[in-house]
Amino acid sequence: MLVHLALLHYHVWIGAKTASSGSAGMLHLFVRRRLHTRLGHLRSVCGMCRCYNVPLGQIYYLLPRMTHFILPGSLSARVFPVSTAAQVFFSAWTYTPCQRMEEAVKQLDPLGSLRRTHYCGTLRSEHVGQEAILCGWVHRRRDHGGVVFVDLRDRTGLGQVVFKPDTAPEAHAKAGELRSEYVIAVRGKVESRGEGAINPNMPTGEVELVAAELRILNAATTPPFVLEDDVQVDEALRLRYRIHDLRRPLMQQRLAMRHQLLQSVRATCTDLGLYEIETPILGRSTPEGARDFLVPSRIYPGSFYALPQSPQIMKQLLMVAGFDGYFQIARCFRDEDQRADRQLEFAQIDLEMSFVGIDEVLHVLEEITVRAFRDVRGIELPRPFPRASYAEVMARYGSDRPDTRIALELVDLTDLVANSAFQVFTQAVQAGGVVRALPIPDAEAVSRSELDRLVDQSRQWGAKGMAWVRVTPEGSWQSPITRYVSETEQQQIAARAGLRPGHLLLFIADRPALASDILGRLRVQLGERLERRADRPWDLLFVVDFPLFEETESGQLTYMHMPFVAPLEEDIGLLSTQPRQVRATHYDLVLNGVELGSGSLRNHRSDVQLQILEILGYSEAQARERFGFMLEALDTGAPPHGGFAFGFDRLCLMLAGGDSLRDVIAFPKTQRAQDLFIQSPNTVEPEQLRDLGLRVR
Ligand code: ASP
């Protein structure tokens, strides 16, 4: 069957690699999309050159719709446009079948009754003498003067198979047809490799399978890159050929770790008495602060479901419904611009518990984290995890997710310089701002030109400027601002910042949040550059006592995390008098400067919830219109409850390693929100739009 198809398939190259802009690009995209829709079931894409293998019968459909095509051989020389009917027919005449497919094996074997006895990567000396059947992908084939060696790969690693002409001539002859990524099953006997042939770099390096029978189960197109871990491959190419990328041992290991992490979390949550309950994907908009993905309803034209930004509302409803404790490895969707390392679609370990206070929730989070590290990496984390208040971490580290391994801390100097002769300081203080500084001991390595660059950088981050002071070996100040800062002020600053010869002090005078943010970033940047990070591999920290509200630029109060967060019980009274002072029950878990997740206790009383919504600017009528179902649920008898959500992908990345979340997600989207393999997002047929009552403008 395959032979038949191979001969009738043509290598058709559609579009250009760069076909993403301009009218030609649009046309390419259009043609490719049409092909995907019309020929999706027939399509197979050649690994090397993005060709489509198209059955002969479809050529007539394709030709008028193509913009370019290519003949096998030298790619660059033979690409030409198909723009006129004459060319189309001429081109059709010159088509040649795809060489690669023609080279395909002459005959494929069925798996039949052959069943795997061992995984490739598990063969050891103890198996010597046993009959074994391995199944997998040809990783490498070497022809050593008559004897053929094949490194056979499956998810457990590589095993060596030997085909010898004298003992198994038929299998040996067939082994000559093998190419990279062919899928085979081999029956044979496990033998010791013998002294000189042992490969100490391979776990299976002491043994090999001497083949008696080979079945070629499938052929394969040539891989677009070598499937080794240390091959430097552009990420776009990896994502375009995700199947090949996922076959690399490192990716197999990372996804295996992801599986272990999932199992660990499930086991811990179950042991802690939480139920795993799924919540809908077709939901309604949740107030998590990002843009919703909307799904148009066919049955109710003009109405939309929203994909959950998190299961926040549903998990609260489950508590109200009496389930007491819940967890879910939940899929969340946030239509955000792809800044930094984010995915449109991601996983959370979502938790909610009834009749708990902050301590009980933090205990559960600690338990999940400790067991995850133990189960996945065999690491024992020290307990209890330290706690610090939001006010404290902002003051000391300038960030609510500080990397506490970096041995640099900010100081606040506002009170010392409020009446300084240095206008920059006094004006900032008079405008309600602060003067904060980052002292860096032994900072001789920071040159004057680097200081100038840091000043420029702080401006780019929003500062009006940045003052600095260097303490000379004699202990005096070397700085453009020395003459404006009095002797007494200098002494007070030196005492608070612990200045010694060799110190560098960086000052920002601005709004509190901005001053902390800039110094916090400089702390991390210089801490890394000057190697001030302690050697501890894992620093965990609970940050607690966040403010409930924050101010927008227009001065209106908005929620800091989401509108259902409960205030600390002792601060409820402040809601009506000093809402800015109200502390939230919110908490974050931070690992090495990365926020692993956040959570809070929730409002279980509708009067408090309504009061908060009113502070957020909703009239009672508006609050009932937008959050009526929640207020109604609270009034049915809601228990005090609270929860948390871990960013599952991020936790996985920290445990499994990798450069981005894309390294621990099987089929991620690119930075530009596309899946390059299945080519999503994609246009849809006009009938589908019509069914939904939609028109694309
Ligand atoms: N729903 C919150 C989030 O997704 C987490 C929580 O408070 O449980 O960030």
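The values are calculated or read from the model by the stated rules, or taken from the named source; none is laboratory data. Not measured: the values here are computed from a predicted model. Neighbour counts run over all protein chains shown; Cβ positions are idealised from the backbone, glycine included. Note: areas computed on protein heavy atoms with side chains; ligands, DNA, RNA excluded. Shrake-Rupley method; radii C 1.70, N 1.55, O 1.52, S 1.80 Å.
Being under 17 Å from M562 (Cα atoms) and basic (K, R) is true for just one of R626, R662, R650. Which residue is that? Just one listed residue meets the conditions, R626. For the structure I just gave you, tell me whether P567 is touching a strand residue (DSSP E or B) at 6+ places or on another chain (Cβ under 9 Å), open to solvent by less than 30 Å² (accessible area, probe 1.4 Å) and away from the ligand (no atom under 11 Å from the Cβ). Against the criterion (touching a strand residue (DSSP E or B) at 6+ places or on another chain (Cβ under 9 Å), open to solvent by less than 30 Å² (accessible area, probe 1.4 Å) and away from the ligand (no atom under 11 Å from the Cβ)), P567 qualifies. Can you give me the ranges of the strands (runs of 3 or more DSSP E) entirely in the stretch 106-211 with at least 3 residues that are more than 26 Å from I243 (Cα to Cα) and more than 39 Å from the chain's Cα centre (by Cα)? The qualifying strands (runs of 3 or more DSSP E) are 131-144, 183-192. Go through the stretch 356-366 and give me each residue that's more than 19 Å from E595 (Cβ to Cβ) and assigned to a helix (DSSP H, G or I). Listed by number, the residues that qualify are D359, E360, H363.
How many residues does the stretch 487-503 hold that are open to solvent by less than 80 Å² (accessible area, probe 1.4 Å) and either part of a strand (DSSP E or B) or more than 19 Å from D412 (Cβ to Cβ) (or both)? Number satisfying all stated conditions: 2.
Being under 28 Å from the mean Cα position of the chain (by Cα) and touching a residue at least 60 places away in the same chain (Cβ under 8 Å) is the requirement here; does E367 meet it? Yes: the conditions hold for E367. Summed over the stretch 464-476, the residues that are at pLDDT below 95 and either surrounded by 15 or more Cβ atoms within 10 Å (Cβ to Cβ) or within 45 Å of the chain's Cα centre (by Cα) (or both) give a count of 2.
Cβ-Cβ contacts under 6 Å between residues 6 or more apart (or on different chains), taken from a first residue in the stretch 588-605 that is over 17 Å from V320 (Cβ atoms) to a second residue that is within 12 Å of the ligand (Cβ to nearest atom) and open to solvent by 10 Å² or more (accessible area, probe 1.4 Å), are listed as D588/E595; D588/S598; G597/A645; G597/G647.
For the stretch 561-593, a residue qualifies if it is within 14 Å of A645 (Cα to Cα) and touching a helix residue (DSSP H, G or I) at 6+ places or on another chain (Cβ under 7 Å), and the qualifying residues are M562, Y587, L589. Count of the stretch 184-199 residues, restricted to those that are open to solvent by 40 Å² or more (accessible area, probe 1.4 Å) and under 18 Å from L111 (Cα atoms), is 1.
One line per residue, one yes/no per condition, for (1) loosely packed, with under 15 Cβ neighbours inside 10 Å; (2) closer than 16 Å to T268 by Cα; (3) of a type in the set (S, T, Y):
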position: D292; (1), (2), (3): no, no, no
position: L307; (1), (2), (3): no, no, no
position: P311; (1), (2), (3): no, no, no
position: R339; (1), (2), (3): yes, no, no
position: L351; (1), (2), (3): no, yes, no
position: D359; (1), (2), (3): yes, no, no
position: E367; (1), (2), (3): no, yes, no
position: R371; (1), (2), (3): no, yes, no
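Residue count for the stretch 303-332 satisfying the condition of being assigned to a helix (DSSP H, G or I), in contact with a helix residue (DSSP H, G or I) (Cβ under 8 Å, 6 or more places away or on another chain) and within 11 Å of the ligand (Cβ to nearest atom): 2.
A single entry from L274, L255, L307, L318 fulfils the requirement of being in contact with an Asp or Glu (Cβ under 8 Å, 6 or more places away or on another chain) and more than 19 Å from D335 (Cα to Cα): L318.
Does P296 satisfy the condition of being open to solvent by 30 Å² or more (accessible area, probe 1.4 Å) and touching a strand residue (DSSP E or B) at 6+ places or on another chain (Cβ under 6 Å)? Taking the combined requirement at face value, the residue satisfies it.
Determine whether the stretch 622-633 contains at least one residue that is closer than 26 Å to L514 by Cα, within 35 Å of the chain's Cα centre (by Cα) and not basic (K, R). No - not one qualifying residue is present in the stretch 622-633. If you go through the stretch 594-634 and keep only what is within 16 Å of the ligand (Cβ to nearest atom), out of contact with any strand residue (DSSP E or B) (no Cβ under 7 Å at 6 or more places or on another chain) and open to solvent by 20 Å² or more (accessible area, probe 1.4 Å), you end up with just V594. In this structure, does G573 turn out to be away from the ligand (no atom under 16 Å from the Cβ), under 19 Å from R605 (Cα atoms), without any contact (Cβ under 8 Å) to a residue 12 or more places away in the chain and of a type outside the set (D, E)? Yes; evaluated as a whole, the condition is true for this residue. Against the list (1) more than 30 Å from A656 (Cβ to Cβ); (2) assigned to a loop (DSSP other than H, G, I, E, B), the condition T404 fails is (1).
A quick yes/no check of all residues on (1) touching a strand residue (DSSP E or B) at 6+ places or on another chain (Cβ under 7 Å); (2) charged (D, E, K, R); (3) open to solvent by 70 Å² or more (accessible area, probe 1.4 Å):
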| site | (1), (2), (3) |
| --- | --- |
| E131 | yes, yes, yes |
| D166 | no, yes, yes |
| E170 | no, yes, yes |
| E181 | yes, yes, no |
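Which residue pairs have Cβ atoms under 6 Å apart, sit 6 or more places apart or on different chains, and have a first residue in the stretch 526-539 that is at positive phi and a second that is surrounded by 10 or more Cβ atoms within 10 Å (Cβ to Cβ) and part of a helix (DSSP H, G or I)? Between residues of the stretch 526-539 that are at positive phi and residues that are surrounded by 10 or more Cβ atoms within 10 Å (Cβ to Cβ) and part of a helix (DSSP H, G or I), there is no close pair.
None of D341, D335 is modelled with pLDDT under 95 and within 16 Å of the ligand (Cβ to nearest atom) except D335. Kindly establish whether L541 is in a helix (DSSP H, G or I) and more than 16 Å from the ligand (Cβ to nearest atom). Criteria not met by L541.
Scanning the stretch 266-280 for residues that are among the β-branched types (V, I, T) and either within 15 Å of the ligand (Cβ to nearest atom) or exposed (fewer than 14 other Cβ atoms within 10 Å of the Cβ) (or both) gives T270, I277, T279. A count restricted to the stretch 635-653 and to residues that are away from the ligand (no atom under 15 Å from the Cβ) and open to solvent by less than 10 Å² (accessible area, probe 1.4 Å) stands at 1. Taking the conditions exactly as written (open to solvent by 20 Å² or more (accessible area, probe 1.4 Å) and either in contact (Cβ under 8 Å) with a residue 24 or more places away in the chain or outside any loop (DSSP other than H, G, I, E, B) (or both)), does L438 satisfy them or not? It is false that L438 is open to solvent by 20 Å² or more (accessible area, probe 1.4 Å) and either in contact (Cβ under 8 Å) with a residue 24 or more places away in the chain or outside any loop (DSSP other than H, G, I, E, B) (or both). All of (1) within 16 Å of the ligand (Cβ to nearest atom); (2) open to solvent by less than 30 Å² (accessible area, probe 1.4 Å); (3) within 27 Å of L317 (Cα to Cα); (4) not basic (K, R) hold for V590 with one exception: (3). The set of residues from the stretch 216-233 being open to solvent by 50 Å² or more (accessible area, probe 1.4 Å) and modelled with pLDDT of 90 or more comprises N218, T222. In this entry, L506 passes the filter for residues that are crowded, with 20+ Cβ neighbours inside 10 Å, touching a helix residue (DSSP H, G or I) at 6+ places or on another chain (Cβ under 9 Å) and either among the acidic types (D, E) or not in a helix (DSSP H, G or I) (or both).
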